[in-house]
Amino acid sequence: MLHRKYLVIPAAVAACVIAAPDATASPGPIRDGDGAAKIVDRSFHTLASPGGENPILRAGNSKFGRAHIKQGGRHHHKPSHPYNRKAKKKWQGAFNRGICKTNGHYYTLYCYPFRAGLAKRTMCVWVDYADWKFHGRNMGQKGIVTAYVAKGQKGPRKHRGRDSCLAQDN
């Protein structure tokens, strides 16, 4: 009859074999990377997103992300694309209010109406939640594409500012 200590080793080896991941299983999307793919801000939260993910901000380039916002969008108008702590609070305010409009399945607009003195303004934040390929690798969601201030607060009551954001799409 075998002693109990000799039965423990085969059981441990079997447990390791069962717990080992399948070599053909996909590791899932890579969440971060060099250059444009680098995630520079994960501090945003929302309960309203198509895939249940929180929006992220990537370093980006001239077409999306922090670089796009800092250059002033595609029109290079920096005053309408603020990038500071106050602006980021308005971005979070937009995420808290929920989705204003979804364009396609994952491209989403968030709106935050506010006042600048007597003037009515809306902070508009576009987020692309679709998987994004960078140098042939799936990086997960693309993240915040752009954020800009639009004049006015036009739109239906529930989505105040939506039409102002759409009229000044940057």
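The values are calculated or read from the model by the stated rules, or taken from the named source; none is laboratory data. On a predicted model such as this, the values are computed, not experimentally measured, just so you know. For neighbour counting, all protein chains shown are included, and Cβ atoms are generated from backbone atoms with ideal geometry for every residue, glycine included. Note: areas computed on protein heavy atoms with side chains; ligands, DNA, RNA excluded. Shrake-Rupley method; radii C 1.70, N 1.55, O 1.52, S 1.80 Å.
Annotation: amide H of Tyr107 within the under-5 Å range of Tyr129, sequence separation 5 or more or interchain, hydrogens built in the peptide plane. Here the range 35-137 is assigned +1 on the Cβ of each Lys and Arg and -1 on the Cβ of each Asp and Glu. Its dipole about the Cα centre then comes out at about 500 debye.
Counting only protein heavy atoms and a probe of 1.4 Å, the accessible surface of the range 74-144 is 49% carbon and sulfur. Accessible area ranking (1.4 Å probe, heavy atoms, ligands and nucleic acids excluded), largest first, for Val40, Val127: Val40, Val127. Between the alpha-carbon centres of the range 125-170 and the range 67-108 there is a gap of 6 Å. Net charge around Val40, counting only other residues with Cβ within less than 12 Å of its Cβ (Lys, Arg = +1; Asp, Glu = -1)? Summing Lys and Arg as +1 and Asp and Glu as -1 gives +4.
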